[in-house]
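S.K.: There's a structure below that I have some questions on.
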Amino acid sequence: MILIVGGAGYIGSQMNKRLNIQGYETIVFDNLSYGHREFVKWGIFERGDLGNIEDIRRVFKKYPIEAVMHFAAFTYVGESVENPQKYYLNNLRNTLNLLEVMLENDVKQFVFSSTCATYGNPQEIPITEDHPQNPINPYGRGKLMVEQILSDYSAAYNFRYVSLRYFNASGADPDSEIGELHQPETHLIPLILDAAIGKRENIQIFGTDYDTPDGTCVRDYIHVLDLAEAHIKALKYLENGGKSEMFNLGNGNGFSVREVIETAQRITSKEIKVVEVDRRPGDPPVLVGSSKKAREVLDWEPEYNDLSSIIETAWNWHKKL
Ligand code: UDP
């Protein structure tokens, strides 16, 4: 069985659905602090907290777990600067708890949700996996620390892992069963869609004076379903004896904030009011990843490789909320 930690969240819940479709048996472990119970429509649900190691031990005792996927993390960069302890306790210490129980139970296959935030300000675009990792905020630093710990565990304990460095996760389940529902919402696409349905008065563009073609930040948006498919490939890679590795997961295409707004306007056929404001601190002008390595080693190919199809799935889900 596969343990999906944080399987009630945005990406974890997609993972749970996809694994079940492919015939895997899953257990979702989530404390529901940010996750949604109604997103866990497949597999077994076990409520528990990674901060309480006995909760983790209980689940490992109860089920024959073969591999673990770990999605449970706080992901607000700005909050990580204001309250780093919250991030280090959850994203770092609680991950150590999980790894401790895995080792106690001799479970040695792990798929970890990492991030392009571990690279910091890019020196070269597209970013490849061997780009220097110099994170510029506690969120990115905590994720990098986990990657370093995984590398040590892998060398010492015959433990094998795949670390997946996501670019901008976006889009929703094409069947519109589950999607993005963050509280608070800070991500560009759901905020634009909120403006389209009138839940929000406007969308603010954070900075129009960047050194980019239209002056707004460029990001690499990758569909959540493509992320889930990459995790399944990573799991199979580990099942087949693959060595510990890390991969970028992005589309390899950059889109500016203005392009995202224009595309959303076209897809929703709604008037979206735009307000230009100052830059948001800590935003690099361009973040685009190379996923050549994942394509070659995992044989992964993103299906949603254009912005329209990503926003369309997000919109179909969002307008039902
Ligand atoms: N952004 C924006 N207005 C918003 C939210 C985001 O202009 O209300 C910009 C943000 O500055 C960044 C891009 O949209 O350049 C994507 O931001 P998001 O928070 O979705 O993801 P991030 O790249 O920070 O992980």
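S.K.: Probe of 1.4 angstrom, ligands and nucleic acids ignored: what's the accessible area per residue over region 203-289, in square angstrom?
M.R.: Accessible area per residue, region 203-289: 43 Å².
S.K.: Right, something else. What is the P(r) of region 154-252, as percent of Cα-Cα pairs per 5 Å bin from 0?
M.R.: Histogram of Cα-Cα distances, whole percents per bin: 3, 10, 14, 17, 17, 13, 10, 8, 5, 3, 1.
S.K.: Follow-up question, since we're still on this one. Rounded to the nearest 500, what is the 222 nm mean residue ellipticity of the chain from helices alone, with -39500 (n - 2.57) per DSSP H run of 4+ residues and division by all residues?
M.R.: -11000 deg cm²/dmol
S.K.: Oh, and also: Determine, from the Cβ-Cβ distance of residue 319 and residue 83 and an R0 of 41 Å, the FRET efficiency 1/(1 + (r/R0)^6), rounded to the nearest 0.05. Walk me through the intermediate numbers first.
M.R.: Working: r = 33 Å, r/R0 = 0.82.
Efficiency for this residue pair is about 0.75.
S.K.: Given an 8 Å cut-off on Cα distances and at least 6 residues of separation, report the relative contact order of region 1-133 as a percent. List each step's numbers first, then the result.
M.R.: Numbers: 193 pairs, mean separation 31.7, N = 133.
Relative contact order here is 24 percent.
S.K.: Cα to Cα, under 30 Å, and not fewer than 8 places away if on the same chain: which lysines meet these conditions relative to residue 86?
M.R.: Result set, ordered by chain and number: 17, 41, 61, 62, 108, 143, 199.
S.K.: If I take every Cα pair under 8 Å that is 6 or more residues apart in the chain, average their sequence separation and divide by the length, what percent do I get for the relative contact order?
M.R.: 19 percent
S.K.: Report the local net charge at residue 303: Lys and Arg +1, Asp and Glu -1, summed over other residues whose C-beta lies under 9 Å from its C-beta.
M.R.: With Lys, Arg at +1 and Asp, Glu at -1, the net is -3.
S.K.: If you don't mind, there's one more thing I want to ask. Go through 125, 113, 207 and say which Cα lies farthest out towards the positive end of the charge dipole of the chain; charges sit on Cβ, +1 for Lys and Arg, -1 for Asp and Glu.
M.R.: 113
S.K.: Counting only heavy atoms of protein chains, what accessible area per residue, in Å², does region 123-199 have with a probe of 1.4 Å?
M.R.: Heavy-atom accessible area per residue stands at 42 Å².
S.K.: Does anything in region 289-321 have its amide N under 13 Å from the 7 Å Cα→Cβ label point of residue 214, and if so which residues?
M.R.: 307-308
S.K.: Here is a follow-up. Pull up the DSSP beta bridges for the chain and report the antiparallel fraction as a percent, rounded to 5. Intermediate values should be presented prior to the final figure.
M.R.: On the way: 2 of 39 bridges.
Counting DSSP beta bridges with both partners in the chain, the antiparallel share is about 5 percent.
S.K.: How do the peptides 6-17, 91-102, 125-136 rank, highest first, by the average count of neighbouring beta carbon atoms within 10 Å per residue? Mind showing how you got there, number by number?
M.R.: On the way: 6-17: 27.3, 91-102: 19.5, 125-136: 16.7.
Highest to lowest by the protection proxy: 6-17, 91-102, 125-136.
S.K.: On the protein heavy atoms, probe 1.4 angstrom, tell me the percent of accessible surface of the chain carried by carbon and sulfur.
M.R.: Carbon and sulfur together cover 47 percent of it.
S.K.: Also, I was wondering about something else. List the lysines whose Cα lies under 18 Å from the Cα of residue 293, skipping any in the same chain that are fewer than 8 positions away.
M.R.: Within reach: 233, 236, 243.
S.K.: According to the Cα gyration tensor, what semi-axes, each the square root of 5 times an eigenvalue, does the equivalent ellipsoid of region 10-141 have, listed from largest to smallest in whole Å? All intermediate terms of the calculation are to be shown ahead of the outcome.
M.R.: Values: eigenvalues 150, 61, 47 Å².
Each semi-axis is √(5λ); the values are 27, 17, 15 Å.
S.K.: Once the convex hull of the alpha carbons of region 181-308 is built, what does its volume come to per residue, in cubic angstrom?
M.R.: Taking only Cα atoms, region 181-308 has a hull volume of 130 Å³ per residue.
S.K.: Sticking with this one: When Lys and Arg each count +1 and Asp and Glu each count -1, what net charge do the other residues less than 15 Å away from residue 42, Cβ to Cβ, add up to?
M.R.: With Lys, Arg at +1 and Asp, Glu at -1, the neighbours total -3.
S.K.: To continue, here is another question. Taking 41 Å as R0, compute the FRET efficiency from the Cβ-Cβ separation of residue 61 and residue 303 and round it to 0.05. Walk me through the intermediate numbers first.
M.R.: Details: r = 39 Å, r/R0 = 0.94.
After rounding, the FRET efficiency stands at 0.60.
S.K.: Let me ask something else. What would the Debye equation give as log₁₀ I(q)/I(0) for region 94-164 at q = 0.25 Å⁻¹, counting only Cα atoms as equal point scatterers?
M.R.: Scattering profile of region 94-164, log10 relative to I(0): -1.11.
S.K.: Lys and Arg at +1, Asp and Glu at -1: add these up for the other residues within a Cβ distance under 14 Å of residue 146 and post the number.
M.R.: Summing Lys/Arg as +1 and Asp/Glu as -1 gives +1.
S.K.: In nm², what is the average projected area of the convex hull enclosing the Cα atoms of the chain? Let's see the in-between values first.
M.R.: Values: hull surface 60.1 nm².
With the hull built on Cα positions only, its mean projection is 15.0 nm².
S.K.: Would you work out which of 60, 217, 76 lies farthest towards the positive end of the dipole of the chain? Charges go on Cβ: Lys and Arg +1, Asp and Glu -1.
M.R.: The residue sitting most towards the positive pole is 60.
The values are calculated or read from the model by the stated rules, or taken from the named source; none is laboratory data. All values derive from a computational prediction rather than experimental measurement. We place every Cβ from the backbone using ideal geometry, glycine too, and count neighbours over all the protein chains shown. For accessibility, only protein heavy atoms count, side chains too; no ligands or nucleic acids. Shrake-Rupley method; radii C 1.70, N 1.55, O 1.52, S 1.80 Å.
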